[in-house]
Amino acid sequence: MISIIVKLLFTNSIVATVDLEKSIDQILACSDILGLDSEGHVPTICYEAAVGLTPNLRRGRRSIHQTPFQVPSMNQMCSSECKRYPRLIRIDFIEKYTNYVLSNELTSNPRQRRIDFIDIGSCAGTCQATFQHRNVHNKLIEYFLSEMLRRITSRAFRRAASNYVPIEDQMFGINEEQIELRYQFRKFFENELPESLLRDIDKNDDFPGLRDFLKTMGNMGLNGPGISEEYGAKDNPIKSAAIIGEELSRKSAAISMSYGAHNALNVRVLDANGSHEQKLKYLPDLISGEKIGALSMTEPTAGSDVMSMKTTAVQPAGKDYYVLNGNKYWITNGPVCDTLICYAKTDPTSNAGDSITAFIVDTDTEGFTANHIPEKMGMRGSPTGDLHFDNVKVPKENILLGEGAGAFVLMRGLNIERLLGAAMPVGIMQAVVDQSFPYAHERKQFGRPIGKFQLMQGKMAEMYSSLSACRAYTYSMLRSADQDPEAMSNHECASLIMFVSDACTKVALEGIQILGGNGYVNDYPVNRYMRDAKLMEIGAGTTEVRKVILGRYFNDYFLD
Ligand SMILES: Cc1cc2nc3c(=O)[nH]c(=O)nc-3n(C[C@H](O)[C@H](O)[C@H](O)COP(=O)(O)OP(=O)(O)OC[C@H]3O[C@@H](n4cnc5c(N)ncnc54)[C@H](O)[C@@H]3O)c2cc1C
């Protein structure tokens, strides 16, 4: 017996096995659906383009929804509408298509012949196909399979099968495992966060599923990057976490920001500065996603000048707790968090480094209240809080590193926030090119795709090289962080986040320009990308403050 195994390279999963002798009837029975004629020729109808696509009209604009796999009618197969939008086909379709046509019992026969289908999602991989010519039926199967393989591996089909501008991962020092991680999470986020949901989240500035989402991330071992398994984390290096953060930002920067605030601002700060007892008490629930974390330093009157904060923490004589009073503002996840890291003045008479202390606050403590800050321009759906402390009692044992160590904790936390945070602008920029580059090749003016005009080509070239420079810079810093997170210096982290955030806003604005009027309305997510991108220049220290850090570093280096 000779059989063919059809296998997806990146998931390593066998999607179909066909016994050449036994399955011929089944395949012939499908030949009308496959488009094979009696000679075994494949008609030119773009069958793939027809499957699963349902054009409909919405508010006068055309939108295409991808429906679950279905065998189309001949009319659908011939539909010019379907042919017009072939790029919406995705790899899951190929899996189902292949399964449908070739499904048969698995065999362990050593004479199996193998086809490795290319990963059309990331446009990487290799193909092999060997067939045994036994009889005319086998010849037909060979013809069909080679045709399918040819189509799948052709540049046109790969482009048609994916909305994405390819990422040349190998060029950026990403290993095979991380490439697979990116691929899997791209698929996962696509399924979990469909565009219709993201549009609603943006419109309503509300993501009711945030808690469940963080739990799902916890179940998959994606919370607590770089943290010991002793506290409930799974082996998840910082660089891999950043790739996942990048893919999440590519779908939704707002959700990524909440995920980042939970992990980089809270979980990692707790891990870096907490005692063993504190970590045992707080980290497992945060890492599993049972509890949501946040970090609060900014106040209404203390933003860039954070050391001038007014929230106080006073220890009553003879008591083993501190009493917190004050107001924190702009706190990501603040309205929904369970465990909050809060900086407060233990010496209100001073703005010196040792005047601040970092506390772990359980938000169900009496006297704590949190309100939503409404009407944000971007990052809508990531809850931002206005937090009030009215005689909130926090046990002394909840201090991180000791009284007066707050400024140290704060600066240490900012480094990792800036490092992991750099993956967000990279993800947003990738989303911008994913949307605007195909558009430039679909939209025609003066009788040609606008992408063929040199000014547009120049724009795309600059956007792409900015994205690539940011990706290379970010990944190289993350590689170092995986080796020794403590070795990352303030000025290097500030430089990285300044560079990628600045590039992100520019690339997002150019994305809007490519879409013209369509870039100016919410029908296309590119304007959301731009609104989200702008926050990258404000949160975790503004662009100007990042420049101040670099300027001070050079002054110290050359003048002291
Ligand atoms: C959506 C969102 C989420 C946030 N999440 C959090 C969070 O989770 N936790 C948290 O603690 N904070 C958070 N922040 C706060 C954020 O860190 C601050 O907004 C930021 O530090 C800037 O402070 P500010 O808004 O008070 O601006 P200001 O400090 O008032 O600055 C206003 C302008 O003056 C410039 N400026 C200030 N000082 C200087 C100087 N010395 N030299 C040159 N220019 C200067 C700034 O660059 C800026 O352009 C968040 C903010 C937003 C908008």
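Taking the range 509-533 as the range and being within 16 Å of the ligand (Cβ to nearest atom) and out of contact with any Ser or Thr (no Cβ under 6 Å at 6 or more places or on another chain) as the test, the residues that pass are ARG528, TYR529, MET530, ARG531, ASP532.
Table: residues versus (1) buried (at least 22 other Cβ atoms within 10 Å of the Cβ); (2) under 16 Å from the mean Cα position of the chain (by Cα); (3) charged (D, E, K, R); (4) outside the structural domain of ARG531 (by TED's automatic domain parsing).
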site: PRO425; (1), (2), (3), (4): yes, yes, no, no
site: ILE428; (1), (2), (3), (4): yes, yes, no, no
site: PHE437; (1), (2), (3), (4): no, no, no, no
site: HIS441; (1), (2), (3), (4): no, no, no, no
site: GLN454; (1), (2), (3), (4): no, no, no, no
site: GLU462; (1), (2), (3), (4): no, no, yes, no
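Would you check if LEU478 is within 13 Å of the ligand (Cβ to nearest atom), crowded, with 19+ Cβ neighbours inside 10 Å and within 15 Å of SER249 (Cβ to Cβ)? No, not satisfied.
Filtering the range 370-382 to residues that are near the ligand (Cβ under 10 Å from one of its atoms) and either within 16 Å of ILE331 (Cβ to Cβ) or crowded, with 17+ Cβ neighbours inside 10 Å (or both) leaves ILE373, LYS376, GLY378, MET379, ARG380, SER382.
The set of residues in the range 534-560 being under 32 Å from the mean Cα position of the chain (by Cα) and either near the ligand (Cβ under 6 Å from one of its atoms) or of a type in the set (A, V, I, L, M, F, W, C) (or both) consists of LEU535, MET536, ILE538, GLY539, ALA540, GLY541, THR542, GLU544, VAL545, VAL548, ILE549, LEU550. Which of the residues belonging to the range 348-358 are touching a strand residue (DSSP E or B) at 6+ places or on another chain (Cβ under 8 Å) and more than 14 Å from the ligand (Cβ to nearest atom)? Matches in the range 348-358: PRO348, SER355, THR357. Candidates are the residues of the range 240-279 that are of a type in the set (Lys, Arg) and buried (at least 24 other Cβ atoms within 10 Å of the Cβ); the one that is modelled with the highest pLDDT is ARG250.
Taking each residue of the range 247-276 that is over 15 Å from ILE341 (Cα atoms) and looking for partners that are surrounded by fewer than 24 Cβ atoms within 10 Å (Cβ to Cβ) and polar (S, T, N, Q) with beta-carbon atoms closer than 7 Å, six or more apart or interchain, yields ARG250/GLN430. Mind listing whichever residues of the range 515-539 are without any contact (Cβ under 8 Å) to a residue 40 or more places away in the chain and of a type in the set (Phe, Trp, Tyr)? TYR520, the sole residue that qualifies.
Filtering the range 312-338 to residues that are β-branched (Val, Ile, Thr) and either surrounded by fewer than 24 Cβ atoms within 10 Å (Cβ to Cβ) or away from the ligand (no atom under 15 Å from the Cβ) (or both) leaves THR312, VAL314, VAL323, VAL336. Is there a residue being in contact with an Asp or Glu (Cβ under 6 Å, 6 or more places away or on another chain) and not aromatic (Phe, Trp, Tyr) anywhere in the range 434-443? Looking through the range 434-443, none of the residues is in contact with an Asp or Glu (Cβ under 6 Å, 6 or more places away or on another chain) and not aromatic (Phe, Trp, Tyr).
The values are calculated or read from the model by the stated rules, or taken from the named source; none is laboratory data. Note that the coordinates shown come from a computational prediction; the quantities given were computed from them, not determined experimentally. Heads up, the Cβs are rebuilt from the backbone with ideal geometry, glycines too, and the neighbour counts pull from every protein chain shown.
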